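The values are calculated or read from the model by the stated rules, or taken from the named source; none is laboratory data. Model, not experiment: these values are computed from the prediction. Please note: Cβ atoms are built from the backbone with ideal geometry, for glycine as well, and neighbour counts cover all protein chains shown.
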Amino acid sequence: MTQALIYALTGAVLFMLGVRATLLRETLLPRLLALNVCGAGVFLIFVSLAYRGDSLPVDPVPHALVLTGLVVAISATALALALNRRLREMADE
Amino acid sequence: MMAMSVWLPVGILLSSLIPGVLIFFQPEERHRLRTWLNLLGALIKLLLVGMLIWGVFHEQVFETRWTMAPGLEFVLHADALSVLFVSLSTLLWLVTTIYAIGYLEQTPHRSRFFGFFSLCVTATVGLALAGNLFTFVVFYELLTLATYPLIAHKGSPEALRGARIYLRYTLFGGLLLMIGAVWLHTLTGGVEFVEGGILQTANLDQSTLRWIFLLLIVGLGVKAALVPLHGWLPQAMVAPAPVSALLHAVAVVKAGAFGIVRVIYDVYGVEFAAELGVLTLLGAVAAITIIYGSLKALSQDHLKKRLAYSTVSQVSYIVLGTAIVGPLATIGGLVHLVHQGVMKITLFFAAGNYAEALGIHRVSEMDGVGRRMPGTTLAFTIGALGMIGIPPVAGFISKWYLGLGAVEAGAAAWVLPVLIASSLLNAAYFLPILYRAWFKSQSAPWPADKTAGCVRELPDALLWPPLTTAAMALLIGLLAAAPYSPLEWAELIAGREYRQ
Amino acid sequence: MNLTLLPDLLLAGMLIGLAWAVLNSDDLRRGVVLFIAFGLLLAIVWARLLAPDLALAEAAIGAGLSGALLLVALRDGSGGDQRSAKRSTLNRWLIDLFVLVMTCLIGWVLWLTIYAEPVERLAQLANAMLERSGVSNPVTAVLLNYRAYDTLLELVVVLAAVLGVLVVGRERRGYREPGPVFHGLVHWLVPLLIVTAGYLLWVGAHAPGGAFQAGATLAAAGIVLRLAGYDAAGLPDGRLLRWLLVAGTGVFLLLGLGMTVSGGGFLQYPEAWSGSLILVIEVAATASIAAALVLAYRGGRSDGWLLVDEKDKNREISS
Amino acid sequence: MLDLLALLLIFSGISFFFLGAIGLLRLPDLHARLHALTKADNLGLGLLIVGVALLHGSLLMAMKLLLIWLLALLASAASAHLISQYALRRNRS
Amino acid sequence: MNNPLIWPVAVPLLSALLALLWPRRSTWIGLLGSALSLAAVVLVSRQVIESGAIELALGGWSPGLGIALRADGLSVLMLLMSTLVSMAVAVYASVYFSRSERRSEFWVLWLLLITALHALFLSGDLFNLYVTLELLGLSAVVLACLGGSRESLQAALNYLVLGLLASMAFLIGVALIYAGYGTLDMAALAAAIESGPTAWVALSLMTGGLLIKSALFPLHFWLPPAHSNAPAPVSAVLSALVVKAAVYLILRLWLALFDEVVTQTAALVLGLLGGVAVLWGSWVALQAERLKLMAAYSTVAQVGYLFLFLPLLAALPEGTTRDVALGALVLLALTHGFAKSAFFLAAGVIMQRAGHDRIAELGGTARALPVTAFTLALAGVALIGLPPSGSFLAKWQLLSSVFITGQWIWLPVIAVGTLLAGAYTFRLLGYAFAPGEGVGPSLSVGREEIPAVLLALAATLLLGFWASVVWELVPISAYAGGGG
């Protein structure tokens, strides 16, 4: 169980680090990185909850949720990058 | 006849609402259709109100209920008091519509004007028929909404400014009324209008009830133009003459006064209100308003402004009558609701005619106008004499009953001086006008003479409405004792109120 | 100190350190590269926590494709809007305080729940129902059977995002012809990636893998192609592209509705068929995900995107 | 005995990685760094993989691991080439 | 076939896919899809009215392992609002976007947005809610930047980033809930959740995220630029529906799932923020120089009103009085939905005719566009809360709850907020009805003017006179935990 706790706490720290950077940073790319770190933190919490020691079978539900979350995260990242790129083009014009 | 008793109040509302909505969608140039819609609506309403009067006199119940929210019912209910107000507004609406058709000929935005005009009457009639406080608040706010565009109608900066001031006052008043109404509603679980009131037996905290009374009266007092809440009324006279006429005689000012009557008689109950001690304060405010309005009117040179301050003063007679406990004062106050309406509308029609025909806006420009416009000036004279309280015009009846009521209630010591002072002041600001009009000769050219070269002083649609209402003012004064006269009706109401 | 915890502590510490480095590097390029490293490290953590499906997905999507997207975004950005309107010191303090408090709170709750009476979560139920789900990989069972509706909506999310990319941007400039070495690599790599994608897709039913991992791998093939100068990156144009994007959601939805119409509930597969139905859905989903990711990499619509309309217009004129 | 050999291989693999990393940090110019990195990593990975295969002891797994090594070789060769080419071009211009 | 719950989600989704495949017919597909979604929602509503809350276990798995869709009174009301508003806006958009080259993308995303809204209102699973939130957020962002201007893109980007942060906060709350209670099914959670650190922290994280999305002061700053720079039909749904979705979720969480966890203090804090939002939003709306900006700030204020209900709801005992207050809250949300969408559509008509939306230069609008000016007036009536609009009834009940609970502090907030709303509405009407040449003359009533006026009429008349339906529906709950 201690392993699970270690990773869950790490997840919490990652999440809040991400939140902090999202709030502090001003430009898009760092904020996007921060949000992705944030997401990683949440995912880590989910997965550490699914882990119940090396001998027991893991809980597959959080794994599936995280997989869904990963795909959602990259979709959002792609969209944000596209918006940012268009904005820069407009600034150059 | 069951269905009849449910549908008649709704029908009375719809008879002006439907034409109003239809008129909105008429193109500007369809003058004839619009006129027909207006007159048809007014006549149907008159017919329906006739049926209502007959029914209520024979103690039939007319009631419509519609649940809008849990505990909130939309109730239209016809009792004697509502009939009094409904008939006044219906009759005067008809006359004013005819006048307005003549007055606004060839001006822009007439569809909009008559649309809102009809809505305004709908709201007034709704106020009259409201069977509980909730419904009353609904129509009270609707009235604000329907009159705002009428005041702003000309679109000039002064008109917009006047409308804005009007709105500030009335939205504020409506809000206070609503807060008071909700509060009372929460305490009692529903405030139906019942003759004799509902609060006496409700066993509620008296100081709370006093606070609520204050909220309600301040909310209503804004429209009734009680001092110091009267500031909007002189500003609102920038509206076209028919609007001013309706505003001062029936719609807005009367709605406030009517509301005060309702609250005291049918919510608190006049005796319970007196027990709470709130009526003394109200009476004092009314007295102050009466004197203050008259004093201000004295110093106005602008004719419509003088009339406006006169309204401030006169409407408070109604409040005064309500604030004095006793059937005679009640009768005086209630009958003045009608009398003041008929007389004041005559005066505003006449003022509109002076402005329309000769461009006269100021008292100082009126020298010799009686010879040029004898019909209009005759009507004006009757109205003015009635306001002063000279028999046999209707105004005398009101003041007489108020005086009697004061004596009956033992309040003669302060009411009679107020009545006398105000009558003297009335005379002081009306008689000079009459003198100028009839006995002085024209001293300067008319500011804008549009009727030069015409045989008649004005078109029929402008001349006959003031003459009609002036005749009415005379008749209801002369025939005050006849059945179905306003006085009889007021006695009926007072009888029912003090039956308990 | 229990020595067996050392590797875990080490991994966790490295994760936090890397995250800190990513978030606090002033050089964007450096941040992005570190982020990719962070993703790879995370994949190791997933493997450590017995989540191989996630390890695959993280490596392919989290580190690989996100990295590719971020890097290519660096390429077209001049970094023009580096406004550095710094927050006031008080604000920074408040934010730090808030972060600290929230971290402690979340950590406290996690501590409590992990050491509390073990809650019976869904693990047992999910594994017990595995026989009826038509697949033997529990994660796939959750994704495409128990919680298939989530996955359907997630495909819609992908669709919405890629439409956004298409609406907002135009395709980036292509790359020039690569040198011989890279060319050779591409010839090897692309077929290999495609085969791997197919394998991942197939194997997903009973072992780690599945539509997302396969889709990401396939997308990687597309990206490699584009880097090698094939600007279309293996994607068709016009109407076919639209069909490709719609395929995943469409097949999923229609099959689900088919179940409803034929008497079952929405997405309630007949038990005997569920294995094959899941595979069909996964194939379609793989295609759509791959297409969407490649389009995101290409950066927007090409001239061919609106071609469908043009053709229709021409037809209208000629008729 | 086999285990010991495997461990030895793994350790030497790791030390190659270590050396590569030191080279990356300490060497003066890009080409030299690349050289150190690719050489050390390829060799390190190879040793590591042989070690792991020995530990695991199954032929199928060994084949898979071999495949991974080959791919890594290919990738590192190509990427090292691309990087140095880019650097050359930039130096020239 | 006899459980219709999937159709409100499936119909718009299917239409979206078709619109993507046949871009040239997208307008028709979009209109038809909106209409069929309306039909699907009506089907669901009828069943809920007749037989109470319904549940659909997707895939045939028991809720918990699988995902359940649930419809009860609250969700049906929200569904009806969103589908009616979106139908009307769709008709408007068919004119607005008729010449745009992004027409087909608009319709696809539009239908996806409806899908997301419907899915959100029907979802009975916490993680599924996260997915629907993301879908809603992404499609809303893309729609918001269809205008293509720099401001709209910048606003959309900020909206996206904040939305992502908000979703992350929501998601970590979901993770903690799963950790503590081992299920994601909301009905099971409604029964299981009890006061404790897990519930506390999870609730505050999820609420925090949703507060960003619902733009409660002081987290409102993203809303005005995003809503005022989007194309008119998009602004309409953003303000009317998308913000409401977050408020709906807060209600669900607070009243059904966490009803035992919520304390009076927490509710009071949100109520206070709501109060500040009412005053601040109205005040800024009064200063606004642009019509759409004014409307956006008015949304900030109106959202504040919704939060005023929370401390009252927390103080009222469960039962009829609380249901009455809850019904009033929902009614206020619905009225605002209809009125604000009407307002934005009218603003769009004016913008297209006049080429600008500067309030001070709107003279002549009433003459050139009488129907649109009328729409603005009606919508304004509903925003102030004057009769006969639904918001009048709602405010009446709000005041009533204030008196019942004795929380006098809200009385001045409501009063001043109402007066300020009156001030900004009539300021606008004053300009619009003044003579002037700001807006070019129109030849006839345009097709695009009609949906707006219908929406405004719905807000003022329909929701005024038939509001009792709301109070009949609200007590029908799919969640055992509470009256919502």
Test: residue in region D:8-29 that is hydroxyl-bearing (S, T, Y) and away from chain C (no Cβ under 14 Å): yes
Top-ranked residue of region C:122-149 - restricted to ones that are free of Cβ contacts under 8 Å to residues at least 60 places away in the same chain and surrounded by fewer than 22 Cβ atoms within 10 Å (Cβ to Cβ), ranked as farthest from the other protein chains (Cβ to nearest Cβ): C:E131
Enumeration of residues in region C:230-258 that are facing chain E (nearest Cβ under 8 Å) and under 30 Å from C:V186 (Cα atoms): C:R239, C:R242, C:W243, C:L245, C:V246
Residues of region E:166-199 that turn out to be of a type in the set (F, W, Y) and at the interface with chain C (Cβ under 8 Å from one of its Cβ atoms), as a count: 2
Residue satisfying condition, being among the small types (G, A, S) and touching a His at 6+ places or on another chain (Cβ under 6 Å), within set E:S282, E:S298, E:S235, E:S228: E:S235
Complete set of residues in region B:292-319 that are hydroxyl-bearing (S, T, Y) and outside any helix (DSSP H, G or I): B:S299
All positions within region B:174-194 that are in contact with a Leu (Cβ under 7 Å, 6 or more places away or on another chain) and among the small types (G, A, S): B:G180, B:A181
Residue match in region B:271-279 (condition: at pLDDT 90 or above and among the β-branched types (V, I, T)): yes
Scan of region B:359-376 for residues that are surrounded by fewer than 23 Cβ atoms within 10 Å (Cβ to Cβ) and part of a helix (DSSP H, G or I), ordered by number: B:V363, B:S364, B:E365, B:G370, B:R371, B:R372, B:P374, B:G375
Number of positions in region B:472-483 that are in a helix (DSSP H, G or I) and either touching a strand residue (DSSP E or B) at 6+ places or on another chain (Cβ under 8 Å) or touching a residue at least 12 places away in the same chain (Cβ under 8 Å) (or both): 6
Qualifying positions in region D:38-93 - within 11 Å of chain C (Cβ to nearest Cβ) and polar (S, T, N, Q): D:S76, D:S79, D:S84, D:Q85
Residue pairs meeting the criteria (Cβ under 8 Å; at least 6 apart or on separate chains; first among the small types (G, A, S), in region B:227-254; second part of a loop (DSSP other than H, G, I, E, B)): B:A239/B:H153; B:A239/B:K154
Residue that is surrounded by the most Cβ atoms within 10 Å (Cβ to Cβ), among those in region B:18-65 that are aromatic (F, W, Y) and over 21 Å from B:L492 (Cα atoms): B:F24
Any hit, region B:416-424, residues being modelled with pLDDT of 90 or more and either within 21 Å of B:E491 (Cβ to Cβ) or among the charged types (D, E, K, R) (or both): yes
Residues satisfying the stated conditions in region E:455-472, i.e. surrounded by fewer than 24 Cβ atoms within 10 Å (Cβ to Cβ) and not in a helix (DSSP H, G or I): E:W466
Selection status of C:V251, surrounded by fewer than 18 Cβ atoms within 10 Å (Cβ to Cβ), without any contact (Cβ under 8 Å) to a residue 60 or more places away in the chain and either in contact with a Cys (Cβ under 9 Å, 6 or more places away or on another chain) or under 30 Å from E:S62 (Cα atoms) (or both): no
Qualifying residue in region A:49-57 (condition: touching a residue at least 24 places away in the same chain (Cβ under 8 Å) and either of a type in the set (S, T, Y) or at the interface with chain C (Cβ under 7 Å from one of its Cβ atoms) (or both)): yes
Which numbered condition E:V141 fails, given (1) without any contact (Cβ under 8 Å) to a residue 60 or more places away in the chain; (2) surrounded by fewer than 24 Cβ atoms within 10 Å (Cβ to Cβ): (2)
Every residue from region B:59-72 that is facing chain E (nearest Cβ under 10 Å), part of a strand (DSSP E or B) and either in contact (Cβ under 8 Å) with a residue 24 or more places away in the chain or not polar (S, T, N, Q) (or both): B:W66, B:M68, B:A69, B:L72
Checking B:G131 against (1) facing chain E (nearest Cβ under 10 Å); (2) buried (at least 24 other Cβ atoms within 10 Å of the Cβ); (3) farther than 26 Å from B:L40 by Cα, the condition it does not meet: (1)
Meets criteria (free of Cβ contacts under 8 Å to residues at least 40 places away in the same chain, more than 7 Å from every other protein chain (Cβ to nearest Cβ), farther than 30 Å from C:L201 by Cα and assigned to a helix (DSSP H, G or I)) for C:L97: yes
Counted residues, region C:259-275 - those being facing chain E (nearest Cβ under 7 Å) and closer than 15 Å to C:A141 by Cα: 2
Test: C:L306 is without any contact (Cβ under 8 Å) to a residue 40 or more places away in the chain, under 21 Å from E:S104 (Cα atoms) and not assigned by TED's automatic domain parsing to the domain that holds C:L71: yes
Pick from region E:144-186, criterion among the hydroxyl-bearing types (S, T, Y) and within 30 Å of C:W108 (Cα to Cα), ranking: surrounded by the fewest Cβ atoms within 10 Å (Cβ to Cβ): E:Y181
Residues that are touching a residue at least 12 places away in the same chain (Cβ under 8 Å), in contact with a Lys or Arg (Cβ under 9 Å, 6 or more places away or on another chain) and not in a strand (DSSP E or B), drawn from region E:62-83: E:I67, E:L74, E:S75, E:M78, E:M81, E:S82
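Residues checked against (1) assigned to a helix (DSSP H, G or I); (2) farther than 22 Å from E:V381 by Cα:
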site	(1), (2)
B:E105	no, yes
B:T124	yes, no
B:V137	yes, no
B:I165	yes, no
B:L171	yes, no
B:L176	yes, no
B:I179	yes, no
B:L184	yes, yes
B:L204	no, yes
Selection from region B:73-86 of residues that are part of a helix (DSSP H, G or I) and crowded, with 22+ Cβ neighbours inside 10 Å: B:L81, B:S82, B:V83, B:L84, B:F85, B:V86
Lone qualifier among E:A360, E:A266 - being crowded, with 19+ Cβ neighbours inside 10 Å, hydrophobic (A, V, I, L, M, F, W, C) and part of a helix (DSSP H, G or I): E:A266
Given (1) without any contact (Cβ under 8 Å) to a residue 40 or more places away in the chain; (2) in contact with a strand residue (DSSP E or B) (Cβ under 9 Å, 6 or more places away or on another chain); (3) outside any helix (DSSP H, G or I), index of the condition E:S45 fails: (3)
